[in-house]
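The structure appears right after this line, and notes come after that.
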């Protein structure tokens, strides 16, 4: 599904319903202004669900779904939404998509739904979704808004996957439940699965992002 | 489901199961508003008040309206609507009756609607199947715990200004590491009381 969307986007970048901005939007959301590492949005769930890679990926998928869906509908309705009630309209749209995903998880992946607990519902208050609806979808046509939602969702999911990978690997020596680091020479560090490990990992990931982006952007970041 | 008294839950919500340091809720405003002790104290007070009240209101709505009508799938949207409406109401009320309090708390109130700790507390209340008194204890304790964490953090960050931090770690990255150390300190409380 991701691939076909990306293909559709590169197609529209040349043909032009997105005004040729599709690829730039995609790159912006997924890397240049990565919602997680650069803008510091949606940290709550990033820390809470990443103790295992699997739950990180599910959370990432949830966010992509909600972000794309809500951006599409906020954008479709942008000309009919009175300015004063736009916030509550956005929240209602976002909550609808979160409920859809939550019901889907409960119906088909009960274990995962139990494991994620309240954090699926908390996507509603995840600042990324709201932020994109407010900052992007209100001003842009539906297709481009969907691309933006996808890009930000992907950027966020990527960040989650990295953190989840590090924490599961160092915390249990496993990936997806398969032993990778042998116990003879690596003692799993329980701390990485617990709360402090989450903070440390995210701190280091952000620092690495900063270092990779180079010093020129640091001024605006402050 | 669990027979803990409200007092035990209150203590646990402040220390062993701190909503910020073990459940990671309310991180956004935690990072954004922990620059100064005064600011974070104001925000912490506002969060405590709103959290206590909204968990109580949501408890009543969930158990006396949503469950009897079989509308549990609307939980999220109802909770968020209640929180938004309550915050709006408090803002109007405070503005009308105490301008001084309005200027102290006012600017934080809109921020609170999107604070995930508030919604999270209501969702935990449902998942852990608290009774009403337990809910009151939990809502208040979680709010106080959040306030304690953000005030501690603000104190630490005020000192951080004089420290020499490696370039890539400046700003949020080092704040995360400090929070990690803070979370480790709070882990020392584990085993004192426990709720789940």
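Nothing in this text is a laboratory measurement; each read-out follows from the coordinates by a stated rule. From a predicted model like this one, the values you see are computed outputs, not experimental measurements. Cβ placement follows ideal geometry from the backbone for every residue including glycine, while neighbour counts extend to all protein chains displayed.
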Revision key, fill the gap. For residue A:211 and residue A:85, extending 7 Å from Cα along the Cα-Cβ vector and measuring point to point gives, in nm, a value of 5.2 nm
Point to revise | Taking the convex hull of Cα positions in the stretch A:134-215, its mean projected area over all directions (nm²) | key: 8.0 nm²
Exercise for review: Evaluate the distance, in nm, between pseudo-label points positioned 7 Å from the Cα of residue B:72 and of residue B:132 along their respective Cα→Cβ axes.
Suggested key: 2.2 nm
Study note, to complete from the structure: Within 10 Å of the Cβ of an average residue in B:55-61, the count of other chain Cβ atoms is 0
Review point. In deg cm²/dmol, rounded to 500, what helix-only [θ] at 222 nm does chain B give when every DSSP H run of at least 4 residues adds -39500 (n - 2.57) and the total is split over its residues?
Key: -22000 deg cm²/dmol
Exercise for review: Mind jotting down the three principal axis lengths of the stretch B:92-196 based on Cα atoms? Whole angstrom, largest first.
Suggested key: 47, 43, 20
Practice item. Please find the FRET efficiency linking residue A:139 to residue B:181, where r is the Cβ-Cβ separation and R0 is fixed at 35 Å, and quote it to the nearest 0.05. Key: 0.25
Check your understanding: What does the average come to when, for each residue of peptide A:83-94, you count the partner chain Cβ atoms lying within 10 Å of its Cβ?
Key -> 2
Check your understanding: How far, in degrees from 0 to 90, does helix B:116-127 lean away from the longest principal axis of the Cα atoms of chain B, to the nearest 10?
Key -> 40 degrees
Check your understanding: Ranked highest first by average number of other Cβ atoms within 10 Å, how do A:168-178, B:153-163 line up?
Key -> A:168-178, B:153-163
Review point. Quick one: helix B:132-160 against the long Cα principal axis of chain B, what's the angle to the nearest 10°, folded into 0 to 90?
Key: 10 degrees
Study note, to complete from the structure: Evaluated at 20 °C and 1.002 mPa s, the Stokes-Einstein D of the stretch B:110-164 based on the Kirkwood radius over Cα pairs, in µm²/s, stands at 165 µm²/s
Study note, to complete from the structure: Burial-style ranking of A:63-73, B:125-135, average other-beta-carbon count within 10 Å with highest first, yields A:63-73, B:125-135
Exercise for review: Evaluate the relative contact order of chain B (contact order divided by residue number), counting alpha-carbon pairs under 8 angstrom at least 6 apart; express in whole percent.
Suggested key: 46 percent
Practice item. Specify the angular offset, from 0 to 90 degrees and rounded to the nearest 10, of the alpha carbon long axis of helix B:37-61 from the longest principal axis of the alpha carbons in chain B. Key: 20 degrees
Review point. What's the average, rounded to a whole number, of partner chain beta-carbon atoms within 10 Å of each residue's beta-carbon in A:45-57?
Key: 2
